[in-house]
1. Which one of Val264, Val239 is at pLDDT 95 or above, more than 19 Å from Thr193 (Cβ to Cβ) and surrounded by 18 or more Cβ atoms within 10 Å (Cβ to Cβ)?
2. Given (1) more than 23 Å from His136 (Cβ to Cβ); (2) assigned to a helix (DSSP H, G or I); (3) open to solvent by less than 80 Å² (accessible area, probe 1.4 Å), where does Ser50 come up short, assuming only one miss?
3. Within the bounds of the stretch 82-92, is there any residue that is under 28 Å from Val121 (Cβ atoms), open to solvent by 30 Å² or more (accessible area, probe 1.4 Å), part of a helix (DSSP H, G or I) and in contact (Cβ under 8 Å) with a residue 40 or more places away in the chain?
4. Out of Asp10, Asp18, report the one residue that is outside any helix (DSSP H, G or I), at pLDDT 90 or above and either out of contact with any strand residue (DSSP E or B) (no Cβ under 9 Å at 6 or more places or on another chain) or charged (D, E, K, R) (or both).
5. Among the residues of the stretch 128-138, are any open to solvent by 10 Å² or more (accessible area, probe 1.4 Å) and β-branched (Val, Ile, Thr)?
6. Yes or no: Leu251 open to solvent by less than 20 Å² (accessible area, probe 1.4 Å) and within 16 Å of Ala200 (Cβ to Cβ)?
7. Conditions first: (1) open to solvent by less than 60 Å² (accessible area, probe 1.4 Å); (2) among the polar types (S, T, N, Q); (3) in contact (Cβ under 8 Å) with a residue 60 or more places away in the chain. Asn7 passes all but one, so which condition is the exception?
8. Looking at Gly211 and the list (1) open to solvent by 30 Å² or more (accessible area, probe 1.4 Å); (2) without any contact (Cβ under 8 Å) to a residue 60 or more places away in the chain, which single condition is not satisfied?
Amino acid sequence: MQITPLNPEDPLSLGDFDLLGRIGQGGMGQVFLGESPGGEPAAVKVIKPSVVDSESRRRFAQEIEILKTIWGARLAAFLGADAEAERPWLATEYVAGPDLARHVESHGPLTSALTAALGAVLAEAVSTVHTQGLLHRDLKPANILLGPNGPKIIDFGLAAFTESSVSLTAPHQVVGTPVCMAPEQAAGEKPLTPAVDVYALGAVLLFASTGHYPHQAATPYMVFHLVTDPGTAPDLSGVPADLVPLLTDMLAHRAQDRPSLAEVVRRCRAVVEAHGLKIAQARRRLTALTARQHSPAVPRPRPPRRPPSPSRTCPRRPPRPPGNRHPRPTRWCPRPRSRRRPHSPPRRPPCSRSRPHPRPRRLPRSRSHPRSRPRSRGHPTPGCPSAPRTAAPRKAPTVTRRHRPAP
């Protein structure tokens with residue numbers, strides 16, 4: 001679920017809930033991510049001031065009393081509301097996870113077994129709402145959140161609140177999602193029956209298994225015409241073969257031809273068992289598949305930075321006078337040490353045979369000196385490593401004989 005920061009005109013708190021970010025926006029209001037004083041996350045829905053009047057406040061207060069009595073494992077719990085505030089708001093349980101529409105658009109349709117498991121879970125949850133005398137009237141993929149503990153239904157009673165400002169008898173003025181709306185609801189008939197939620201649930205399961213709705217067109221008016229036309233059958237292309245009979249009955253044009261929610265649960269369970277699974281196993285697989293799409297909530301925004309106190313403020317350094325009266329001292333930097341050891345003897349250059357070692361300078365000697373005879377010019381200087389070595393003549397060993405004494 002994408003959460004964006006608050007806008008400057010957004011309130012920072014509503015009632016006891018602190019607002020942390022924006023979850024989504026609709027035609028009738030804005031949904032914020034809130035937090036209770038005890039740290040419980042909540043989805044806070046605020047109605048726009050342009051649609052608030054005395055009649056809508058009264059109907060909203062009645063709807064809040066109804067929502068207080070609704071409870072279910074797959075329903076977003078009621079946390080608080082205020083219909084008399086300047087901007088009426090309603091807080092429900094926050095479900096950390098993507099909705100069904102975003103999941104199908106990102107990862108493709110579900111398999112027939114997982115679709116049937118989802119249908120059984122949602123049909124059982126909607127049946128709990130019907131026992132309280134309330135209809136959802138706006139069941140669609142965007143109102144089904146795939147949380148880490150399984151799918152949950154949100155936005156209960158919002159359709160009844162929006163209809164407070166619009167007369168049901170007015171022509172061509174109905175409230176809901178056209179692609180998931182039952183024909184009698186699109187035609188403005190009253191009173192509505194639980195069959196409208198059965199049709200909407202069939203449209204949700206069709207989208208979950210194929211990625212498209214029963215009737216689609218370029219404009220909402222064309223969708224209304226297709227939905228209310230008895231001769232136009234819903235588009236079931238791409239539906240798995242084992243789900244075609246169930247979706248055909250749920251999307252029937254007449255309300256009395258649609259099955260009850262208890263029958264929908266039974267038929268969905270039969271489809272799951274036909275794949276060799278139990279309903280509990282299919283539900284766990286559905287939860288494990290969608291739990292990876294969990295996106296954590298945005299962190300709490302940082303508080304504004306406070307200016308430093310005067311007592312802790314360091315005095316600023318006075319500017320230097322013009323001119324170079326006090327030049328900066330130069331920093332002494334020692335010379336880098338040589339890699340060569342200071343006590344190592346200098347290396348002697350190698351001697352090459354092509355270039356003989358230079359002869360040492362000789363002092364003049366007298367002719368009577370025994371070593372005054374000049375040497376040959378071709379012989380290298382004695383002591384040079386390139387000079388040939390001559391073996392010195394060996395001396396005969398001296399044997400000393402001892403005479404034995406006479407016996």
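The values are calculated or read from the model by the stated rules, or taken from the named source; none is laboratory data. Computed from a prediction, not measured in an experiment: that's the story for all the values here. Positions of Cβ are backbone-derived with ideal geometry, glycine not excepted, and every protein chain shown enters the neighbour counts. Heads up: the accessible areas ignore ligands, DNA and RNA and are worked out on the full protein's heavy atoms, side chains in. Shrake-Rupley method; radii C 1.70, N 1.55, O 1.52, S 1.80 Å.
1. Values: Val264 fails: more than 19 Å from Thr193 (Cβ to Cβ).
None of the other options fit; the residue is Val239.
2. Tallying (1) more than 23 Å from His136 (Cβ to Cβ); (2) assigned to a helix (DSSP H, G or I); (3) open to solvent by less than 80 Å² (accessible area, probe 1.4 Å), Ser50 fails exactly one: (3).
3. No, the conditions are met nowhere in the stretch 82-92.
4. From the options Asp10, Asp18, the qualifying one is Asp18.
5. Of the residues in the stretch 128-138, the ones open to solvent by 10 Å² or more (accessible area, probe 1.4 Å) are 128, 130-133, 135, 137-138.
Narrowing further to those that are β-branched (Val, Ile, Thr): 128, 131.
Checked the stretch 128-138: at least one residue is open to solvent by 10 Å² or more (accessible area, probe 1.4 Å) and β-branched (Val, Ile, Thr).
6. For Leu251, the condition - open to solvent by less than 20 Å² (accessible area, probe 1.4 Å) and within 16 Å of Ala200 (Cβ to Cβ) - is met.
7. Answer for Asn7: the failing condition is (3).
8. Failed condition: (2).
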